[in-house]
Amino acid sequence: MNAHEIDYQIVGSEMQYVEIELDPGESVVAEAGSLMMMDGSIHMQTIFGDGSDDDKGFVGKLFGAGKRLLTGESLFMTLFTNHGRGKERVSFASPYPGHILPMDLSQLGGRLICQKDAFLCAAKGVSVGIALQRKLGTGFFGGEGFIMQKIEGDGLAFVHAGGAICEKVLAPGELIRVDTGCLVAMTQDIDYDIEFVKGIKTAIFGGEGLFFATLRGPGRVWIQSLPFSRLADRVLSATRAGGRKEEGSILGGIGNLLDGDK
């Protein structure tokens, strides 16, 4: 294996964190701001690039950092290394209610495609880059744009998703339709596209948006019940004076008028 072999434990139910146990010399890379706590012999270092290899040279690191910048992430990642003589632990927390999913890339074909903010941390040697959507419709209307995260390697990676998680194993040709914001991750063989909601009344008044994702097997798909965008919309709606609990339908504004709200 090129990636470091790490041990881990996921703690908690709805607000989880992952505790990673490192042998002497082992390292884990993580997004900035995800650290929860670490033992005394763990050393933290800011690195430039995609986190996969310190020996790529400046051009390689610059290219890796540029790919991360396109996904909306920082140019830098944080490397945590055990400089002690025994096992040491470092923990990373999820940013909002949901679950942390351990992904063994060696059992997933070496590549995982994720929504842009899903990656939490991974064993050193795993790279975090971009996956461009080749279909124009998917890029414009798929909820994630043209660019998603691509996690590659042969080690353990951890992704975060909101609410409850559903894992689907799709047979060749098997199709499911998913709200565009609920897709968390998929293996590289999944055929991902978007589809227009049929029926003008459903599209305009249904409150579910105009498009949903179509995922066709073979492969594995992970789906979240609470996308962060949906949670943020509800919080924003609740903070507005006289806000209603509509589902997003254009009738919500009419309801406010009927209630006497301005």
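Computed from the coordinates by the stated procedures, all read-outs in this text should not be read as laboratory data. Just so it is clear, the structure is predicted and the values come from calculations on it, not from any experiment. All Cβ positions, glycine included, derive from the backbone under ideal geometry; neighbour counts span all protein chains shown.
To the nearest 0.05, what FRET efficiency results for Leu236 and Asp39 with a Förster distance of 30 Å applied to their C-beta separation? The value I calculate is 0.15.
The length gained by stretching the chain between Lys87 and Glu174 to full extension, at 0.36 nm per residue less their Cα-Cα distance, is 26.8 nm. The distance between label points at Asp189 and Glu167 comes to 1.7 nm (points 7 Å beyond Cα on the Cα→Cβ vector).
Phi-derived couplings, Karplus 6.51 cos²θ - 1.76 cosθ + 1.60 at θ = phi - 60°, listed residue by residue for segment 81-98: 10, 7, 9, x, 9, x, 5, 10, 10, 9, 10, 10, 9, 6, x, 7, x, x Hz, with x used for Gly and Pro.
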